[in-house]
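Novice: Input: one structure, supplied below.
The values are calculated or read from the model by the stated rules, or taken from the named source; none is laboratory data. Treat the numbers as computed from the prediction; the structure is a model and nothing was measured. Neighbour counts are summed over all protein chains in view; Cβ atoms, including those assigned to glycine, are modelled from backbone coordinates with ideal geometry.
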Amino acid sequence: MTENITSAARPAPPTGGFQEIDGRRVFVRRTGSDGPAVVFLPGASSVGLDYFLVQQQVSRFTTAVVYDRGGTGYSDPLPLPRTAAAVATELHELLHAQDIAAPYVVVAHSLGGAYAHRFAQLHPREVAGLVWLDAFHRDWDDFMPAEAALAAGERMAPDPAQIQQMRPALREMYTELLAGYPEHVRLPLIDAHTSDEWLQAGFAERGNLVALAEELRAGPDIPDVPLIALTAEGVDPAQRALTSQQTRLRIAERTLREIGEGKRRMIAALVSAVSHGEQRTVSGIGHSQLCFQRPDVVVQAIRDVVDRAARA
């Protein structure tokens, strides 16, 4: 059963509740009915309620589940980073504890792609389809320039003084991203997203990107299920807020072009590995903006995968 438990040490979620997993509280919010259930895996620095508007729309045609991984968001603390297997096992236990029947359509954004891939490796028969939202790919380094390698991403974590300095820009960014959300969800999310605890958790989760890629390469490819990958082609405001001006100036225009071209080739390889794969680009939207500013595009991709999974 979902338990609405709060503690003085952590803020209460504005909606949703908790499921106990291994003696810990994992935040979960389930809406809608029927199947296959759509399960959202947020990226680093993101949480389940970031998909609030998307979840509302998806729940009109099937079950929609958002949650926070242990150590992130409203879930209880855990040492970070974690292995992909640990996260995938936690999600599997959560879905079964909630009596949400498999198979699932898994929607993964950014770092959530690592955990979605591992979930599919461990439980291939429980995955009906995949929606890739600019998500992590185990072969990232094969397609990207050295300046954008996974090892470089691990070194991006700022120190406490830098976090304090960037907080106003981050608050402005989340205020803009969450502008269309209802007030009872929007205001707590803005405060929580710019808190030391959530910011530090987001950076900590990025601390083992190279190991995650190695872990995934040791296992099989994604299962042959319907897959739609959305690629954001705009400038990302989160990256701008987290990167100093000096660093941005060092990133040559040529490198940015190489990253964009590398992403397109990488996702083309991903979708070509399955029988029913499709790549869709979203212009004018940055990596962190997809679910906030183009929920229509995200929902359409999910609906299409749900329909294709039903036919398959």
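Novice: Which residue pairs have Cβ atoms under 6 Å apart, sit 6 or more places apart or on different chains, and have a first residue in segment 77-105 that is within 30 Å of Asp34 (Cβ to Cβ) and of a type outside the set (D, E, K, R) and a second that is at pLDDT 95 or above and surrounded by fewer than 18 Cβ atoms within 10 Å (Cβ to Cβ)?
Specialist: These pairs meet every condition: Ala88/Leu122.
Conditions (1) at pLDDT below 95; (2) surrounded by fewer than 21 Cβ atoms within 10 Å (Cβ to Cβ); (3) more than 30 Å from Asp296 (Cβ to Cβ), marked per residue:
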| site | (1), (2), (3) |
| --- | --- |
| His137 | no, no, no |
| Asp142 | no, yes, yes |
| Glu147 | yes, yes, yes |
| Tyr174 | no, no, no |
| His184 | no, yes, no |
| Leu187 | no, yes, no |
| Asp196 | yes, yes, yes |
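Listed here are the residues, each with its yes/no results for (1) over 16 Å from Pro182 (Cβ atoms); (2) modelled with pLDDT under 95; (3) β-branched (Val, Ile, Thr).
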position: Glu3; (1), (2), (3): yes, yes, no
position: Arg25; (1), (2), (3): yes, no, no
position: Gly32; (1), (2), (3): yes, no, no
position: Arg60; (1), (2), (3): yes, no, no
position: Thr63; (1), (2), (3): yes, no, yes
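Novice: Something else: For segment 5-23: of the residues being of a type in the set (A, V, I, L, M, F, W, C) and over 27 Å from Gln57 (Cβ atoms), which is modelled with the highest pLDDT?
Specialist: Just the residues of segment 5-23 that are of a type in the set (A, V, I, L, M, F, W, C), to begin with: 5, 8-9, 12, 18, 21.
Next, only the ones that are over 27 Å from Gln57 (Cβ atoms) stay: 5, 8-9, 21.
Details: Ile5: 36, Ala8: 41, Ala9: 57, Ile21: 97.
Among them, the one singled out is Ile21.
Novice: Go through segment 198-222 and give me each residue that's surrounded by fewer than 20 Cβ atoms within 10 Å (Cβ to Cβ) and β-branched (Val, Ile, Thr).
Specialist: Passing the criteria: only Val210.
Novice: On to the next question. Take the residues in segment 257-294 that are of a type in the set (Gly, Ala, Ser), assigned to a helix (DSSP H, G or I) and under 26 Å from Asp50 (Cα atoms); name whichever of them is nearest to the chain's Cα centre (by Cα).
Specialist: Going residue by residue through segment 257-294, those that are of a type in the set (Gly, Ala, Ser) are 260, 262, 268-269, 272-273, 275, 277, 283-284, 286, 288.
Subsequent filtering for residues that are assigned to a helix (DSSP H, G or I) retains 260, 262, 268-269, 272, 288.
Adding the requirement that they be under 26 Å from Asp50 (Cα atoms) leaves 260, 288.
Details: Gly260: 20, Ser288: 9 Å.
My answer is Ser288.
Novice: Among the residues of segment 89-128, write down those that are under 18 Å from the mean Cα position of the chain (by Cα) and on the phi > 0 side of the Ramachandran plot.
Specialist: Ser110
Novice: So, one more: State all residues of segment 267-301 that are out of contact with any Gly (no Cβ under 9 Å at 6 or more places or on another chain), closer than 18 Å to Pro42 by Cα and of a type in the set (Val, Ile, Thr); if no residue qualifies, say none.
Specialist: Val297, Val298, Val299
Novice: Write out, first by first residue and then by second, each pair whose Cβ atoms fall under 7 Å of each other, whose residues are 6+ apart or on separate chains, and whose first residue, in segment 127-150, is under 17 Å from Gly43 (Cβ atoms) while the second is charged (D, E, K, R).
Specialist: Pairs found: Arg138/Arg217; Leu150/Asp141.
Novice: If you scan segment 76-101, which residues turn out to be touching a strand residue (DSSP E or B) at 6+ places or on another chain (Cβ under 9 Å), surrounded by 16 or more Cβ atoms within 10 Å (Cβ to Cβ) and closer than 15 Å to His123 by Cα?
Specialist: Val87, Glu90, Leu91, Leu94, Leu95, Ile100
Novice: Taking the condition of being acidic (Asp, Glu) and either buried (at least 20 other Cβ atoms within 10 Å of the Cβ) or within 19 Å of Asp221 (Cα to Cα) (or both), how many residues in segment 254-312 meet it? Lay out the reasoning, then the answer.
Specialist: Narrowing segment 254-312 to residues acidic (Asp, Glu): 258, 261, 278, 296, 304, 307.
Still in the running and either buried (at least 20 other Cβ atoms within 10 Å of the Cβ) or within 19 Å of Asp221 (Cα to Cα) (or both): 278.
The qualifying residues number 1.
Novice: Right, another one. Which of the residues that make up segment 138-185 are among the hydroxyl-bearing types (Ser, Thr, Tyr) and either part of a helix (DSSP H, G or I) or over 22 Å from the mean Cα position of the chain (by Cα) (or both)?
Specialist: Restricting attention to segment 138-185, the residues satisfying the condition of being among the hydroxyl-bearing types (Ser, Thr, Tyr) are 174-175, 181.
Once the filter is applied, which keeps residues that are among the hydroxyl-bearing types (Ser, Thr, Tyr) and either part of a helix (DSSP H, G or I) or over 22 Å from the mean Cα position of the chain (by Cα) (or both), segment 138-185 yields Tyr174, Thr175.
Novice: I would also like to ask the following. Would you please list the contacts, defined by Cβ atoms under 7 Å and residues six or more apart or on different chains, that run from a residue in segment 259-270 that is touching a residue at least 12 places away in the same chain (Cβ under 8 Å) to a residue that is in a helix (DSSP H, G or I) and of a type in the set (Gly, Ala, Ser)?
Specialist: Ile259/Ala148
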